[in-house]
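Notes to accompany the following structure.
The values are calculated or read from the model by the stated rules, or taken from the named source; none is laboratory data. Being a predicted model, the structure only gives us computed values, none of them experimental. A quick note on method: Cβ atoms are made from the backbone with ideal geometry, for glycine too, and the neighbour counts reach across all protein chains shown.
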Amino acid sequence: MDSISPDEEKEILKEIHNNCAELLVMKTYDMVYRVIMAKLKKIQMKLSEDEVNDIRHDAYVRMFENNYKRLKQYDPSKGLDLKGWIILITNNAVIDYFAKKLREKKVLINYRKLLEDLKIMEEDEDAEKKDVQIKHIKKVLPHLKPNDELAIQLYYFYECSVKLLAFLMDITESNAHTRLHRARESLKQHIKKLKDKDND
């Protein structure tokens, strides 16, 4: 990764406060690209060169918009140097890129796969009973805790891998597996309560 010397950091910050960032771009352009590529490698995602450049462009837009607001918020007393602050902004641009893609993607709602994983029915149950259970899932899903609902949506509806789910939720892969398990258990409990209520 490109290093930014203390003197260069002072010059960059001076430019930023004068609403200019020529030196910043010169010093970080390749670094931002490598940060993006490292993130993509970590989550095992391949993007075209144009898509990577789109993310890099978005990262710089974040830095420069509103009169360089994000860059002017940089405070070395918070434990990050300027390079670390730029990496943080870039990483957030990567996360938002995938979040935007997921929102744009036509949702293929894989309720049947979710139903199988919940293990609340026998495999040979007829289609009508499965449809009833799917209706229950649709009804109770919005009542889960927000992060549990998000985990279910990302994994089953947007077909994210656990690795990508962890990345988007900013948790470890181990925690992503735990989050999914917890979300499924919570969903099962909500479905049980709904069925018990219907039987009263």
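Go through (1) over 19 Å from residue 89 (Cα atoms); (2) under 19 Å from the mean Cα position of the chain (by Cα) for residue 14 and report which single condition fails.
(2)
Given the options 96, 54, 117, name the one that is assigned by TED's automatic domain parsing to the domain that holds residue 156 and part of a helix (DSSP H, G or I).
117
Taking the stated definitions as given, is residue 31 touching a residue at least 60 places away in the same chain (Cβ under 8 Å) and surrounded by 12 or more Cβ atoms within 10 Å (Cβ to Cβ)? Spell out how you get there, then give the answer.
Numbers: touching a residue at least 60 places away in the same chain (Cβ under 8 Å): no; surrounded by 12 or more Cβ atoms within 10 Å (Cβ to Cβ): yes.
Answer is no for this residue.
Sort through 61, 94 and tell me the only one that's loosely packed, with under 14 Cβ neighbours inside 10 Å and of a type in the set (A, V, I, L, M).
The match here is 61.
Residue 46 - would you say it is in a helix (DSSP H, G or I) and either under 23 Å from residue 161 (Cβ atoms) or among the charged types (D, E, K, R) (or both)?
When the stated conditions are applied, residue 46 does not pass them.
All but one of (1) out of contact with any helix residue (DSSP H, G or I) (no Cβ under 8 Å at 6 or more places or on another chain); (2) among the aliphatic types (A, V, I, L, M); (3) within 30 Å of residue 176 (Cα to Cα) hold for residue 55; which doesn't?
(1)
Hey, can you tell me all the residues within segment 154-178 that are touching a Leu at 6+ places or on another chain (Cβ under 8 Å) and assigned to a helix (DSSP H, G or I)?
Passing the criteria: 154, 155, 156, 157, 162, 164, 165, 168, 169, 176.
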